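None of the figures in this text is laboratory data; all of them are computed from the coordinates on show. Please read these numbers as outputs of a predicted model, since none were measured by experiment. Quick reminder, even Gly has a Cβ in these numbers, built from the backbone with ideal geometry, and neighbours come from all protein chains shown.
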Amino acid sequence: MSKTKKAEPLKNDIRVEEWAEPNETAQTIELVQAPEVKSSGLDKMRVRGGNALNGEIRISGAKNAALKHMCAAILSDQPLQLQNMPVGLGDVRTLAQVLSHLGVRIAMRSDGVAVLHAREITNSVAPYDLVRKMRASVLVLGPLLARHGHAEVSLPGGCALGTRPVDLHINGLRAMGAEIEIENGYIKAEASNGLHSAEIMFPKVSVGATENLMMAATLAKGTTVLSNAAREPEIVDQGEALIKMGARIDGLGTPEIKIEGVASLHGATHSVVPDRIETGTYMCAVGLTGGEVRLKNTRTDFLSALIGLLHEAGMDIKQDGADVVVKRNGAKIRGVDLMTEPYPGFPTDLQAQFMTMLTLCDGAGMINETIFENRFMHVPELNRMGADIRVQGNAAIIRGVDKLEGAEVMATDLRASVALILAGLVAEGETTVNRIYHLDRGYENIVEKLTSVGADIERI
Ligand code: EPZ
């Protein structure tokens, strides 16, 4: 067995403790601190364009599933062990701080194992200082109410993508018997006699509201029905983990999810689904640069909308066992049109990357963004690099140009940041992307991964 290292406290007050059930093996308690997230607000990324990408990249566990599994740990007084966790991500670290503040013991190992143990909830307040760093913190609301009967969670507020309200979360929990007031910027929620079941029809498909209410319903009295529910693979993954913890859930991956409440949930072990957005990001990178990359430990089935378009654009993508092989040799990609939609439609989280790929297409493409009101912040930066993109309302027309040119650009959110990195991979000369702390929130080891397939990229 590899050398055992004693767990050490992490920076930022994340409590890391040795983990051991009475009959667990030594391997299990060999939990050491996960690698530090290196970025500061001043970090930049320098990319020199021109290299085709060739080689292998290992895809990490999905950020947007991992965060929800972490919140689900609140539902049980027994430990939840997560594998394939992207422990290096800024967002995982931020949520660990929130959970730690609530009394959850957390240990993370650099090889992607995390154990979360909510033996006791010692605090039911998620303060503004922690929630403002990451909106997904609002997902502690449902589990806290269901397990503890009380929760105070700071309202997350807007973000770079738009206003992003949480009314669907709040209305759903009210329908399940919670008394909720908004006071001083906080959602103050009470369910002292526990939550009860409800039939909830979402007026709009929401990933987060589906997840928050599904978690809450696992411990509510009776059978809750969520209609017009989101169907994202990360929600299916979350539901499967909850079932391993003893929850009774039917209809995952369909618009109607039924959850029969149980008295308590128990511990479980679950491996996080691969990150489809990271997978799609590297597919778009190859679409831009050309070359052949094997994406290890991922799937094509949860990216059908993207892959259909990449085929139409002239790329070659195949599942090969547990890997996916992505190729573009020779000809330019062809211009195609798309509209972002809830799953199984084209994901809004891949819109900026796909648009970047279209900047060099043969012909033109049109993109309609239907999920967020303000998700074209990358456009002015891409145009500064020589792209020809015009935006009108929620539509963008991208006319293919012959080349992009390196420039100093500013990242505004996670997916916009990575889009600018992709542009830098093909731009003539040097591109410097500022404010890359956004990138570290959601892309694990991106410099190492891109360098290993031939990109010229460094953090400065
Ligand atoms: C999740 O956000 C993801 N985040 C987002 O990924 C992703 O872009 C989004 O789903 C859509 O796929 C996480 O999983 C942590 P929604 P979420 O609730 O749950 C409106 C990334 O880059 N709405 O499905 O917050 C909302 O304003 C991030 O990784 C309400 O009106 O998204 C939006 O227009 C960014 N009221 C639409 O619904 C509500 O109560 C869909 O949002 C909730 C949402």
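Miscellaneous remarks
- Additional length obtainable on full extension of the chain from ARG46 to HIS196, 0.36 nm per residue less Cα span: 48.7 nm
- Of THR359, THR432, THR451, THR254, the sequence from fewest to most neighbouring Cβ atoms within 10 angstrom is THR254, THR451, THR432, THR359.
- The stretch 276-459, relative contact order in percent, only Cα pairs under 8 angstrom and at least six apart counted: 17 percent
- Sequence of HIS101, HIS169 once ranked by neighbouring C-beta atoms within 10 Å, starting from the fewest: HIS101, HIS169
- Near HIS438, once Lys and Arg are set to +1 and Asp and Glu to -1 for all other residues with Cβ below 11 Å from its Cβ, the sum equals -1.
- Charge dipole magnitude, Cβ of K and R +1, D and E -1 - the chain, Cα centre, debye nearest 20: 360 debye
- Taking all Cα pairs closer than 8 Å and separated by 6 or more residues, the relative contact order of the chain comes to 19 percent.
- Computed over Cα pairs, the Kirkwood radius of the chain leads via Stokes-Einstein (1.567 mPa s, 4 °C) to a diffusion coefficient of 57 µm² per second.
- If you sort the three axes of the alpha carbon gyration tensor as a ≥ b ≥ c, you get a/c of 1.5 or more for the stretch 66-141 and a/b no higher than b/c, which makes it oblate.
- Between THR223 and SER452, the simple spin-label model (points 7 angstrom out along Cα→Cβ) gives 4.7 nm.
- DSSP-defined antiparallel bridges as percent of all bridges, the chain, nearest 5: 70 percent
- Flagged links, alpha-carbon separation over 30 Å, of LYS403/LYS449; LYS204/LYS318; LYS133/LYS258; LYS63/LYS244; LYS68/LYS221: LYS204/LYS318; LYS133/LYS258
- Residue-span extension gain [ARG119 to THR370] - 0.36 nm each, minus C-alpha spacing: 86.2 nm
- Total formal charge among the other residues, if their Cβ is under 14 angstrom from that of ALA427, Lys/Arg +1 and Asp/Glu -1: -3
- Neighbours of GLY208, meaning other residues whose beta-carbon lies under 13 angstrom from its beta-carbon, give a summed charge of 0 when Lys and Arg score +1 and Asp and Glu score -1.
- Selected from ILE249, LEU338, GLN238, residue furthest toward positive end of dipole (the chain; charges at beta carbon): LEU338
- A full extension of the chain between GLN392 and ARG164 corresponds to an added length of 80.0 nm, given 0.36 nm per residue minus the alpha carbon distance.
- Rounded, prolate or oblate (a/c below 1.5 giving rounded, otherwise prolate when a/b exceeds b/c) for the stretch 349-460 by Cα gyration tensor: oblate
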